[in-house]
1. Based on the mean of other Cβ atoms within 10 Å per residue, sort peptides A:77-86, A:122-131 so the most packed one is first.
2. I want to check the label-to-label distance for A:Arg30 and A:Leu477. Put each point 7 Å from Cα in the C-beta direction and report it in nm to one decimal.
3. Given the pairs A:Lys37/A:Lys214; A:Lys297/A:Lys444; A:Lys444/A:Lys563; A:Lys37/A:Lys563, which span a C-alpha to C-alpha distance of over 30 angstrom in this model?
4. Taking only protein heavy atoms into account and a 1.4 Å probe, give the accessible area per residue of the stretch A:732-842 in Å².
5. Projecting each Cα onto the charge dipole of the protein assembly as shown (Lys/Arg +1, Asp/Glu -1 at the beta carbon, about the Cα centre), which of A:Ala609, A:Thr825, A:Thr17 comes out farthest on the positive side?
6. Just to verify a number: FRET efficiency for A:Val625 and B:Val85, C-beta to C-beta distance, R0 = 56 Å, to 0.05?
7. Need the per-residue list for the stretch A:330-371: every residue with at least 30 Å² less accessible surface in the complex of protein chains than in the chain by itself, probe 1.4 Å, sorted by number.
8. Using a Debye calculation, one point per C-alpha and no hydration shell, please list log10 I(q)/I(0) for the stretch A:49-510 at q = 0.05, 0.08, 0.11, 0.14 Å⁻¹ in order.
Amino acid sequence: MRSETGFDPALYDRFPTKEPRPEGEEEELRRIWCKPKGWEYLTVVNNNYVGIYYLGTAFLFFLMAGVLALLMRAQLAAPMLEILPQATYNQVFTMHGTVMMFLFAVPAVEAAGVLLLPQMLAARDLPFPRLSAYAFWAYAVGGLCFFASIFVGLAPDGGWFMYPPLTSKAYSPGINTDFWLLGIGFIEISAIAGAIEIIVGVLRTRAPGMSLDKMPIFAWAMLVFAVMIVIAFPSIILGTLLLEIERAFNWPFFDAARGGDPLLWQHLFWFFGHPEVYIIFLPAAGMMSMIVATVAKTELVGYRLIVLAMLATGFISFGVWAHHMFTTGMPPMTTGFFSAASMAVSLPAGLQVFSWIATLAIGQRSFNAPGLFVVGSIVIFVTGGLTGVMVAMVPFDWQAHDSYFIVAHLHYVLIGGMVFPLFAAFYYWMPMVSRRALSERLAKWVFALMFAGMNIAFLPMHLAGLQGMPRRVYTYLPGQGFELPNLVSTIGAFMLGLGVLLFLIDLARNFRLAPGGGNAGNVYDGATLEWLPSELYSARSIPVVRSREPLRDDPRLAGDVAKGRHFLPGSATGHRETIVTSPLLAEPQYLQIMPGPSAWPFAAAVFTAGFFLALTVQAYSFAWVSAILAVVSILRWLWETDRPVRDEEVDIGAGIMVPTYVTGPASHGWWTMVILLVVMAMIFIMALFSLAFLASNQPAFWAPPPSMAAGLPIYFLYGAAFLAALAARPLLKRDARWPVGLFFASAFAAGSALWLDWTGWSAAGLAPQASGQGAVIAALQALQAFAVGTGLLMAAYCAARVARGLMTQPRSNTVDLAMLFLCYTAAQGLTGALFGRAIGMT
Amino acid sequence: MRTWAILLGGLLVWAGHFFALYGIGEFAGESAASRGAVLLLTASGLAADAVLAWRLLPLSRAGEFMRWRARVALGGLALSALAIVWQALPALIG
């Protein structure tokens with residue numbers, strides 16, 4: 001493949017350019033990408049700030065969840081202690097797990113992506129900076145309010161995986177469970193927003209020439225990570241939605257006495273929950289691969305195999321969810337499949353570990369701070385991986401399930417697979433964002449305390465578990481042999497805490513934020529693009545990439561880039577902008593004009609969090625007001641985008657001209673909508689799975705569905721809705737009012753089909769409170785109603801833009817995206833109508 | 001899309017095989033017919049991997065990127081074949 005887009009690769013030979021750059025070019029870049037002042041720190045969207053905010057907040061949650069862990073260890077240091085009452089202990093262990101998994105681990109790696117990826121890919125910023133800001137603020141505001149529930153005794157107390165029937169209204173009547181179910185709603189939204197940003201950013205904003213085989217391994221890891229979020233998170237979104245609806249409206253999704261099934265929750269939760277482990281591990285593995293090569297001063301061994309391993313992990317990790325359910329009485333054949341897949345997933349993980357070991361073995365190892373944490377991580381992660389293979393074996397799992405052996409295993413995997421790599425990354429990349437690097441001398445103490453503390457804390461838990469100590473107990477009786485391992489674990493946990501405290505002291509002494517330049521620089525001699533001299537606009541010019549380690553292979557590159565001798569040395573349009581490149585070979589395609597700072601993403605995030613939190617405390621009026629304000633804020637933020645551009649083509653360096661406005665499948669907006677629709681489709685598919693699961697497991701409660709033939713008008717209306725939306729795009733060039741009319745027609749046709757569908761089910765005698773079947777059918781209709789409502793809103797938004805003369809012609813991204821959404825809505829409705837009738841037909 | 005299909009071909013075959021096996025185990029139950037279906041699916045999965053490998057071999061490898069793509073794809077196919085056999089074994093020998 002010589003070219004992917006028709007771009008002539010010989011044009012790369014024009015760089016570095018030789019001509020002197022015009023005066024004032026760099027100053028203009030500084031003016032456009034200026035530092036915030038005062039309250040502008042709240043409305044800032046630049047990845048240098050949002051990334052730091054994000055990472056700092058995630059680390060704050062790590063510390064708070066860590067304090068909860070120390071409280072638990074203090075309570076368990078000796079038998080029959082009364083430091084924490086039983087009910088409080090339940091809240092503490094639930095919050096510890098929830099905060100670590102939802103508020104620390106995923107956001108921390110997402111934050112690392114937001115901070116590092118633009119620099120690593122030599123983009124000016126990620127393609128949707130306002131989306132990054134929205135994702136951060138929704139997470140920060142909502143997360144802090146969620147955490148505060150523990151101070152008023154309202155924190156969730158059903159364990160981080162919230163199994164019903166324990167969490168059903170009958171056994172958990174308070175609002176503690178609702179805090180969990182609704183409280184993580186905004187975190188799910190935030191994670192998905194971040195994932196969309198990362199996928200489009202990695203695939204479309206790489207430096208010219210950075211083909212997939214030259215992409216930094218961290219970018220590969222973040223790409224797989226983000227795709228996994230898009231596939232996995234919809235399952236937990238649906239699960240939390242269904243459980244909250246069951247609690248609020250008595251729809252029996254998980255009530256076995258009325259045709260629901262509590263095991264359905266476990267399937268929905270673990271289809272998210274196990275990939276979640278790899279979602280956390282993969283970016284950390286990406287960091288490890290970057291750091292290992294630098295500390296060993298050599299090229300990473302097996303780059304190709306690591307990419308393959310990451311892709312394979314992304315796939316196989318979706319085949320292991322039920323290994324958390326071996327003791328629930330699943331069919332033996334199914335159990336066997338999951339056991340085999342659970343062992344198979346160790347193969348790609350092992351490939352990565354062997355690659356790191358080989359890189360360290362052939363290189364010149366230096367045990368500096370990142371090097372120490374890398375080696376510590378390998379040791380701990382391999383230990384956790386081995387016990388993982390043990391619990392993948394069904395007979396062993398039956399013995400160890402719900403014991404402290406599992407607690408030990410999961411902490412070895414998560415601390416070795418994520419926490420230690422993250423600390424390695426802190427030390428490694430700190431000089432990129434701070435004026436001073438962290439102390440190497442203190443780092444050795446931090447590492448020693450954390451490594452020793454971690455092993456002293458968690459190794460004895462294997463023994464306690466094998467001796468029969470169950471997890472989630474707030475105390476234990478003396479004389480069962482649990483005293484010594486628990487006392488040792490507590491000592492180790494406090495050592496680990498001391499290590500983290502020392503790290504905080506080091507941070508306080510040396511961390512001095514330098515987002516606008518003046519950072520400590522490339523102290524570890526990294527070879528990738530994030531170590532180019534940078535300011536708030538990232539590197540002065542965007543380099544042509546000719547190898548995987550460009551700074552090592554071309555020692556003059558940094559100087560040339562800083563002198564503006566590569567792509568986009570100044571601003572071509574006077575706005576914030578970056579080059580959008582093709583997904584495979586990263587050939588320049590067009591110039592994206594990026595939105596600047598705005599208060600609307602912040603407002604939208606605050607109201608989104610407000611909506612979920614108000615629902616939790618049953619302040620319904622406030623919740624709906626918040627929801628409306630959140631939607632208004634989002635529309636207002638979008639209103640400023642997709643405007644007509646003055647220059648159709650601009651010079652991005654060395655006389656290479658690219659367009660400034662692109663529509664259709666080549667545009668980054670199209671990609672974003674497609675990913676969003678994949679999220680919606682996954683939620684819908686999981687709802688269809690729920691219907692099939694209940695039909696298979698609760699046949700006694702199944703009522704005959706309406707006939708297929710009776711659904712003909714519904715299928716026709718959905719077909720019409722699809723065609724009407726599809727026709728909007730070509731008709732835009734005739735008159736901007738055509739698409740608006742067609743969008744309204746499409747939404748009304750889909751709404752009418754939905755109404756007919758629902759009346760058909762009602763006539764068949766199905767009610768959502770009566771049975772699991774009725775509840776899931778009603779949930780499917782509710783999902784469809786949400787899509788139709790959103791489609792109507794999009795039609796109204798397009799109408800408003802046409803009325804204000806803001807619709808570009810003959811092509812418009814706004815019309816493209818509304819068209820995609822409404823086509824999807826019609827397809828989803830048709831699928832639901834057919835599937836609901838097909839399941840349980842006699 | 002073609003490059004992604006080549007890169008992920010083996011892994012997509014694995015995913016199809018796994019979820020089909022899960023469907024049999026969960027919804028069809030355990031019987032001689034189910035085991036027969038597992039055997040058939042496994043043979044089909046391996047055949048699909050073999051066909052993909054066969055089609056991959058004559059593809060152009062001119063250029064660094066094309067060579068890289070072919071090698072990752074072949075690795076994925078090998079991994080897929082191994083995992084398909086491995087995950088079918090519980091049903092076939094159990």
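The values are calculated or read from the model by the stated rules, or taken from the named source; none is laboratory data. Since this is a predicted model, take the numbers as computed values, not measurements. Note that each Cβ is placed from the backbone with ideal geometry, even for glycine, and that neighbours are counted across all protein chains shown. The protein model used for the area step is the full one, side chains on, heavy atoms only, and it has no ligands, DNA or RNA in it. Shrake-Rupley method; radii C 1.70, N 1.55, O 1.52, S 1.80 Å.
1. A:122-131, A:77-86
2. Between A:Arg30 and A:Leu477, the simple spin-label model gives 7.4 nm.
3. As for pairs spanning more than 30 Å Cα to Cα, those are A:Lys37/A:Lys214; A:Lys444/A:Lys563.
4. That works out to 40 Å² for each residue.
5. Going by the charge dipole, the pick is A:Thr17.
6. According to the calculation, E is roughly 0.45.
7. So the qualifying set is A:Pro331, A:Met333, A:Thr334, A:Phe337, A:Ala340, A:Leu347.
8. Summing over Cα pairs of the stretch A:49-510 leads to -0.17, -0.44, -0.88, -1.52.
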